[in-house]
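Reading through the structure tokens given below for one structure.
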Amino acid sequence: TSKPKIVVLGAGYAGLTTAKRLTKQLSAEQAEIVLVNKHNYHYETTWLHEVAAGTINPNQARVMISDVVSPNRVRLVYDAVVKINKEDKRVVLENSEIEYDYLVVALGFESNDFGIKGMAEHAFAIEDIDSSRLISEHIEYQFAKYNNEENVSEESLNILVGGAGFTGIEFVGELAQKVPELCKKYDIDRSKVRIINVEAAPSILPMFDKELVEYAKKSLEDRGVELKIGAAISEATAEGFVVGEEKELIKAGTIVWTGGVKASSVLGNSGFELVKGKVNVNSDLRPEGEEDMFVIGDCSWVWNKEADRPYPSTAQLAMQEADVVAANLKALITNQPVQDFKFSDKGTVASLGHSDGIGNVMSGYKLSGKSAAAMKKVVDNRSLFLLGGPKLVLKKGKFRPF
Ligand code: FAD
Ligand code: NAD
């Protein structure tokens, strides 16, 4: 009999780590490994708010896949997945089709606008390198235009961000740093630019305790970020967001939606059952009833039994899931029992620009300010290390002093 074919969809944290681990777990004789990704590069999704604000070069956040996985061991297919056909064990790509014996779905997230009117048409979203670079280019263009056009509106320089979860807060933190640079470059007074972050919930970053939340609020407000809390966005228009009970229209030349995420639309289009935008998987990381398919990273929910709710989707979680999937694929191929996934929480850090941040690390130890910012760079460099070793850290790592 021929060797089994494992197909991994997506080369984000989950998929790329799975492919790398599989090359360690299985010999070339034991299985064929195929990695499918839309582009020939992987990107650090956790750095996209910096790409979107223009505080790092997009190229720093991306890595050629063939530099970190050996094309001799893993067949690399650069194509977009359109549909998964479970019955025939085939995946339809934009330009071809591919059969599998085992499948790992790791296609990541898409922005979720919850059907809010006008959001898809009018707001930018931070989803990948292309969409994030578009935001920074758009913002810079508003500044470049300002002193050159007669009838430029007063609000054109405003940047309006919908949602103050991790992504929204980290993004406005970068903007607080970038806007003064743009003002200087384009000879514009800082007071002409508003950075406004609108949040429906009563607090920003509800996963952090009050003290850290207060720290983050003060840091952002001191640097000119306006936080509009407890105000839901009900509509996006070409001019801005419609906000709060009184339906105030807040105008801005740049509007960005960071109000939530859901699994890649490939899953819904392929008939997977979605719960709050993602696929539920059992603790072995397979959806119920599926013997030869794993769904991981931002495409799935894994139940946290202690907290009685799913683990929040993070890069940290995605990479740990990949380790278990690789081990479980080996187990399936060698007729061993599969193992359950257990999350080992290393803590959480949110950046507030280059040199500030807040974090919970090592079971309850709180960080804020430069120490949190330094910790964030350690986390970012560690992610590179796990993907490409010290060589990649030296090439793409974050070493700029505060
Ligand atoms: P992704 O990283 O989204 O990777 C998906 C991959 O699939 C990509 O390579 C994409 O190109 C590819 N792909 C998508 N669709 C297709 C298709 N149709 N065909 C082929 N290929 C496709 N988490 C943390 O733990 N710490 C952080 O500090 C942190 N910061 C974040 C900051 C931002 C701005 C954002 C947006 C998220 C952050 N997260 C953070 C969350 C974290 O990035 C995600 O949980 C993580 O990226 C999930 O990994 P993934 O591999 O499932 O998906
Ligand atoms: P999120 O769902 O965590 O936050 C979205 C925010 O938008 C929420 O606070 C929500 O109340 C708000 N919102 C939703 N609808 C709204 C409306 N109509 N009007 C106003 N506000 C509204 O999404 P995210 O921040 O993109 O994060 C996605 C995932 O990525 C999470 O699991 C998160 O943990 C992870 N992440 C982690 C980090 C980090 O660890 N540093 C950074 C970014 C993202």
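Let me know the Kirkwood hydrodynamic radius for the range 239-293, please, with Cα pairs as the basis and the value in Å to one decimal.
Hydrodynamic radius (Kirkwood, Cα only) of the range 239-293 equals 14.6 Å.
For the range 242-379, what class follows from the C-alpha gyration tensor (a ≥ b ≥ c being the square roots of its eigenvalues): rounded when a/c is under 1.5, otherwise prolate if a/b is larger than b/c, else oblate?
Oblate, since a/c reaches 1.5 and b/c is not below a/b.
Would you mind checking which residues have amide H under 5 Å from residue 301's amide H? H placed 1.01 Å from N; only 5 or more apart, or other chain.
It is 279, 280, 281, by chain and number.
FRET efficiency for residue 2 and residue 95, Cβ-Cβ distance as r, R0 = 30 Å, nearest 0.05?
For residue 2 and residue 95, the calculated efficiency is 0.75.
Quick one: work out Rg over Rh on the C-alpha atoms of the chain, Rh as Kirkwood radius.
Computed over Cα atoms, the ratio is 0.98.
Explain nothing, just the number: relative contact order of the chain, from Cα pairs under 8 Å at least 6 residues apart, as a whole percent.
The value is 18 percent.
Can you work out the Karplus-derived ³J(HN,Hα) for every residue in the range 279-286? Use 6.51 cos²θ - 1.76 cosθ + 1.60 with θ = phi - 60°, whole Hz, and x for glycine or proline.
Those phi angles translate into 9, 6, 10, 6, 5, 8, 6, 9 Hz.
Taking θ as phi - 60°, what are the ³J(HN,Hα) couplings along the range 379-395 by the Karplus curve (6.51, -1.76, 1.60), each to the nearest whole Hz, with x for Gly and Pro?
Whole-Hz 3J(HN,Hα) from phi for the range 379-395: 4, 4, 6, 5, 4, 5, 4, 5, 7, x, x, x, 4, 5, 4, 5, 6.
In a Gaussian network model over the chain where Cα atoms closer than 10 Å are linked, find which of 226, 121, 155 has the largest mean-square fluctuation.
Answer for the Gaussian network model of the chain: 121.
Evaluate E = 1/(1 + (r/R0)^6) for residue 72 and residue 371, where r is the Cβ-Cβ distance and R0 equals 35 Å; express this FRET efficiency to the nearest 0.05.
Result of the calculation: an efficiency of 0.25.
To the nearest 10 degrees, how steeply does helix 129-146 sit against the main Cα axis of the chain, on a 0 to 90 scale?
10
Work out the length of the dipole vector of the chain about its Cα centre, built from +1 on the beta-carbon of each Lys and Arg and -1 on the beta-carbon of each Asp and Glu, and round it to the nearest 20 debye.
Taking the Cα centre of the chain as origin, the dipole is about 1500 debye.
Using Cβ counts within 10 Å as a stand-in for footprinting exposure, how do 303, 47, 257 rank, fewest first?
By the 10 Å Cβ count, ascending: 303, 47, 257.
Please list, in order along the range 220-230, the HN-Hα scalar couplings obtained from phi with the Karplus expression 6.51 cos²θ - 1.76 cosθ + 1.60 (θ = phi - 60°), rounded to whole Hz, x for Gly and Pro.
Values per residue, Gly and Pro as x: 6, 5, 4, 9, x, 8, 8, 9, 10, 9, x Hz.
Can you give the calculated 222 nm mean residue ellipticity of the chain, where each DSSP H run of n ≥ 4 adds -39,500 (n - 2.57) and the sum is split over every residue, rounded to the nearest 500 deg cm²/dmol?
-10000 deg cm²/dmol
For residue 127 and residue 307 in the same chain, what is the full-extension length gain: residue separation times 0.36 nm, less their Cα-Cα distance, in nm?
Result for the pair: 61.9 nm of gain on full extension.
For the range 107-174, what log10 I(q)/I(0) values come out of the Debye formula at q = 0.11, 0.19 1/Å, with one point per alpha carbon and no solvent?
-0.33, -0.91
In percent, how large is the relative contact order of the range 12-143, given Cα pairs closer than 8 Å and 6 or more residues apart?
28
What residue among 87, 97, 181 shows peak mean-square fluctuation when the chain is described by a Gaussian network model with Cα springs under 10 Å?
87
Using alpha carbons only, how many angstrom separate the centre of the range 166-198 from the centre of the range 16-89?
The range 166-198 and the range 16-89 have Cα centres separated by 33 Å.
Hey, what angle do you get for helix 13-25 against the long axis of the chain, alpha-carbon based, 0 to 90 degrees rounded to 10?
The two axes meet at around 30 degrees.
Going by amide H atoms built from the backbone, whose H comes under 5 Å of the H on residue 112, apart from near neighbours?
It is 260, 261, 262, by chain and number.
Return the distance in nm (one decimal) between the two label points of a simple spin-label model at residue 148 and residue 232, each offset 7 Å from Cα along Cα→Cβ.
4.2
Would you calculate the convex hull of the Cα atoms in the range 1-85 and tell me its volume per residue in Å³?
Dividing the Cα hull volume of the range 1-85 by its residue count gives 102 Å³.
As I understand it, the value is the acute angle between the Cα axis of helix 315-333 and the longest principal axis of the Cα atoms of the chain; what does it come to in degrees, rounded to 10?
It works out to around 10 degrees.
Highest GNM mean-square fluctuation, the chain, Cα pairs closer than 10 Å: which of 348, 334, 314?
Result: 334 has the largest fluctuation of those listed.
No lab work stands behind these numbers, since they all come straight from the coordinates. Everything quoted here is computed from the prediction, not taken from an experiment. Reconstructed Cβ throughout: ideal geometry from the backbone, glycine too, with neighbour counts over all protein chains shown.
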